[in-house]
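Okay, structure first, notes after.
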Amino acid sequence: MITTAIRVARVGSAAELAAALLMVAGFPCLMLAALVPSVPGFAAAALVTYLADHYLHRRNSYLINRLSKVRAGLSIRFLIRQLLLVLLLARLSLADNLIYYGAIACFIAFYGLQAPHGALVTLIRNRRRLPVATRNVDLAARIRIPDAPPQGLLHRSAEKILHLDLFAVAGILVSAASDTNAPGFLGIALTLVLGALYVAALVPYIRGRRIPPKAEEVLAAVDDWLREYRPETVLYFSGSKDSAYQVNMWLETMEQLDTRPLIILRERAILQNLAPTTVPVICVPGGVHLMNMDLSTVRVALYAANVGKNIHLLRVPTMKHVFIGHGDSDKLASVNPFSKVYDEVWTAGRAGRDRYAIADVGVRDEDIVEVGRPQLAPIQGRRGVPEDRMPTVLYAPTWEGWDGNPGNTSLVLAGVNIVKKLVKADPPVRVLYKPHPFTGTVSREAAAAHRKISALIERAAAARAADARFPTDTAARTAAGADLARIEARLAELSGGAENGDEAEASRDGLVDAGRHAEIARLRAEWNDAYWRSVPAWEHRVITGAEPRLYDCFNVSDAMVSDISSVVSDFIASGKPYAVTDSAGLGAEEFKRQNTAVRAAVILTNKATELGRLLAAVRDPAADPLAADRKELKRYLLGPDEPTSIEQFNTAVADLAVKAEARNVGQASRTVAGGPDVELADALPGQRTTTSGEPDGLGAG
């Protein structure tokens, strides 16, 4: 019942649910205490509402956000409590007492302070929001960016100033319960003085040298840095905060480019969720600012997603534009007709080329380049299952998608059947369940299936932990736990201060420390090793969140069950057995015909009765008839092992840069020669030119 209530209330825990119930019940109790009247009752109810409200804000509860949508926001809740206090004084026959008038005057004056306080906080935040935000860009050498105000002034500022009424409320209640007005007027004085001091403390940050430079100066500094750095290859990305993984998967590849890389983001939320990188990053929310940015040295632009804001860079003819995507699968998204706007489309292997040919969406074969998947380098090959180790099977379903197609995910129709058979397998196997981050965001059925599967795995894990057949090496787990704590403490120390919530300061101080970056990478690898050592080799696990990463789960697994998604194509790099669910009921042959990545898979129906074939292949290589097919399919989907994928990628970048330069030289020669081509060239959105005639940035076009 409690679990159901937590889900309905959209809160995160039983404690959060209890706080929400106490706060909601507290206000009727306040009214009752005021009407009775009862000073002790009012004081107790007020204390409960203060504490519950504060706790829910600290937890960033969904309920708090919803209350503000129904006109029961933070300020209203404080105002109601103050009005009820005035009602209490009236019911106590204190309407002719000075404390009554003092309370009314105090609360009016206190709310008078809210307007300048809110205006100052908003003004400071707006002025410290730069037109561009950066990482690994040396802005401090070009412009002066002052320190941010202390976090104590701006962090949850509305809640802080409103809670200053606690002094007045407490003092007035003491006066109401006694014969003296002194405590009440002392509390009133403290509330008003502290509120005024809070407002006064904000004033210095809206004038003088504490104000960041104007937008024009910041943009000029970024252009100056761009002219000095001379980026050659850009990774461009736009999307929601939940899609940050789509750009994060390309960061390591960008770090390994032979050319000077640059990452351009369009949303601040993406920058906040960007993984650490040594590559310079510029976040440009404004389309006009982007289109006037000096990108004259860029020759290759890479796009990880098909989104509307791509047009702001696609309009630049001096660079070649490439769709690289964020996964290689048989989903329709992998053959989006929008892809024909790019100069080239890069796929992992031959399968991607054939996919576009079959789809016939306007992408020409000569514009497709096979570059492999550089991100797959960390995936380890098949090790075999030693007799003393239990096999591990990873269930990694994709999410439900936007269109409600039953074939998108196995979760709804097959997920429970798959997991039930895996946890009951004999001989036993360990189950790892790692759902897609978007699971349940569109479909209630998918969300319900996810909860049911998670509960099923947790129950099976608890039952196995109580079974004497599955011993635990307590000493090894304790040592691994100690390693985890040590690594996490060091990671927190290294990451501390990197993001302080202030965009201007983060841009100023955002230069990466190469030594620290390398240490963080090493520690993350150590964390992953310690994590798996801290978990018994037989323990079923539900794995959500960023860590452990999907590829880490690949490496500790001996087989995988999944759906049509890039997860399958990536797992094929390991050479391990895998199964894919035909949730739409197409039939095995038709399913294989439509989806290249499943041609070497065990095909599951929604009842998952075929899982035995997968488990047999895991335990005995001789019972694995699809091994040769997987090897052939790996080359078809992901390209050859030699040259390495990063070498193929760098070659493709270099070749396309040559094409871009040839185009620009030809365009320049036609412009110099004059004639009809001049008018055509002038009509195209192009680069600003310097006095020397060289391209120098984007036209405003």
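Details
- Look at segment 73-100: where a residue is closer than 19 Å to Ala44 by Cα and assigned by TED's automatic domain parsing to the domain that holds Gly112 and a partner is of a type in the set (Ser, Thr, Tyr) and at pLDDT 90 or above, sitting 6+ places away or on another chain with Cβ atoms under 6 Å, you get Leu89/Tyr100.
- Extreme residue, farthest from Arg613 (Cα to Cα), among residues of segment 424-445 that are touching a strand residue (DSSP E or B) at 6+ places or on another chain (Cβ under 9 Å) and surrounded by 20 or more Cβ atoms within 10 Å (Cβ to Cβ): His436
- Residue list for segment 66-89, restricted to those being over 12 Å from Ala158 (Cβ atoms), part of a helix (DSSP H, G or I) and of a type in the set (Lys, Arg): Arg66, Lys69, Arg81
- Filter pass, Trp402 being assigned to a loop (DSSP other than H, G, I, E, B) and of a type in the set (A, V, I, L, M, F, W, C): yes
- Flag for Asn417 being assigned to a loop (DSSP other than H, G, I, E, B), among the polar types (S, T, N, Q), at negative phi and surrounded by fewer than 19 Cβ atoms within 10 Å (Cβ to Cβ): no
- Test: residue in segment 604-613 that is crowded, with 23+ Cβ neighbours inside 10 Å, within 25 Å of Lys420 (Cα to Cα), in contact with a helix residue (DSSP H, G or I) (Cβ under 8 Å, 6 or more places away or on another chain) and not small (Gly, Ala, Ser): yes
- Selection count, segment 30-44, where residues are crowded, with 16+ Cβ neighbours inside 10 Å and touching a Lys or Arg at 6+ places or on another chain (Cβ under 9 Å): 3
- Taken over segment 88-125, residues that are among the polar types (S, T, N, Q) and within 37 Å of the chain's Cα centre (by Cα) amount to 2.
- Exclusive hit being closer than 27 Å to Ile64 by Cβ and of a type in the set (Val, Ile, Thr), set Val218, Val199, Val222, Val193: Val199
- Residues of segment 565-586 that are under 18 Å from Asn417 (Cα atoms) and part of a loop (DSSP other than H, G, I, E, B): Asp582, Ser583, Ala584, Gly585.
- Pick from segment 245-287, criterion of a type in the set (S, T, N, Q) and part of a helix (DSSP H, G or I), ranking: surrounded by the most Cβ atoms within 10 Å (Cβ to Cβ): Thr253
- Condition check for Gly545 on (1) assigned to a helix (DSSP H, G or I); (2) without any contact (Cβ under 8 Å) to a residue 12 or more places away in the chain: one failure, at (1).
- Within segment 176-216, tally of residues that are modelled with pLDDT under 95 and among the hydroxyl-bearing types (Ser, Thr, Tyr): 3
- Any chance Arg210 is buried (at least 21 other Cβ atoms within 10 Å of the Cβ) and among the basic types (Lys, Arg): no
- Residue check, Arg144 among the charged types (D, E, K, R), exposed (fewer than 15 other Cβ atoms within 10 Å of the Cβ) and over 30 Å from Ala45 (Cβ atoms): yes
- Scanning segment 256-299 for residues that are within 24 Å of Gly545 (Cβ to Cβ) and among the acidic types (Asp, Glu) returns a single hit, Glu267.
- Scanning segment 420-438 for residues that are outside any loop (DSSP other than H, G, I, E, B), in contact with a helix residue (DSSP H, G or I) (Cβ under 8 Å, 6 or more places away or on another chain) and not hydroxyl-bearing (Ser, Thr, Tyr) returns Lys420, Lys421, Leu422, Val423, Val431, Leu432.
- When residues of segment 564-615 are limited to those that are among the acidic types (Asp, Glu) and touching a strand residue (DSSP E or B) at 6+ places or on another chain (Cβ under 6 Å), the one farthest from Pro406 (Cα to Cα): Glu610
- Listed by first and then second residue, the pairs linking a residue in segment 567-586 that is over 15 Å from Ala627 (Cβ atoms) to a residue that is in a loop (DSSP other than H, G, I, E, B) and among the aliphatic types (A, V, I, L, M), with Cβ atoms under 6 Å apart and 6 or more places separating them unless they lie on different chains, are Val580/Ala601.
- Beta carbons closer than 9 Å, at least 6 apart along the sequence or on distinct chains, pair a first residue in segment 431-444 that is at positive phi with a second that is surrounded by 18 or more Cβ atoms within 10 Å (Cβ to Cβ) and of a type in the set (Phe, Trp, Tyr) for Gly440/Trp399.
- Verdict on Arg522 being among the basic types (Lys, Arg) and surrounded by 14 or more Cβ atoms within 10 Å (Cβ to Cβ): no
- Evaluation of Met560 against (1) touching a Phe, Trp or Tyr at 6+ places or on another chain (Cβ under 8 Å); (2) over 22 Å from Gly372 (Cβ atoms) (one fails), failing number: (2)
- Among the residues of segment 46-65, those identified as within 26 Å of the chain's Cα centre (by Cα) and either within 22 Å of Gly171 (Cα to Cα) or not in a loop (DSSP other than H, G, I, E, B) (or both) are Tyr55, Leu56, His57, Arg58, Tyr62, Leu63, Ile64, Asn65.
- Search result, residues across segment 213-244 that are crowded, with 19+ Cβ neighbours inside 10 Å and among the small types (Gly, Ala, Ser): Ala221, Ser238, Gly239, Ser243, Ala244
- The set of residues in segment 628-644 being free of Cβ contacts under 8 Å to residues at least 24 places away in the same chain and part of a helix (DSSP H, G or I) consists of Ala628 alone.
- So Thr609, is it farther than 30 Å from Trp346 by Cβ, assigned by TED's automatic domain parsing to the domain that holds Ala462 and not hydrophobic (A, V, I, L, M, F, W, C): yes
The values are calculated or read from the model by the stated rules, or taken from the named source; none is laboratory data. What you are looking at is a predicted structure, and each value in this text was computed from that prediction instead of being measured. Note that each Cβ is placed from the backbone with ideal geometry, even for glycine, and that neighbours are counted across all protein chains shown.
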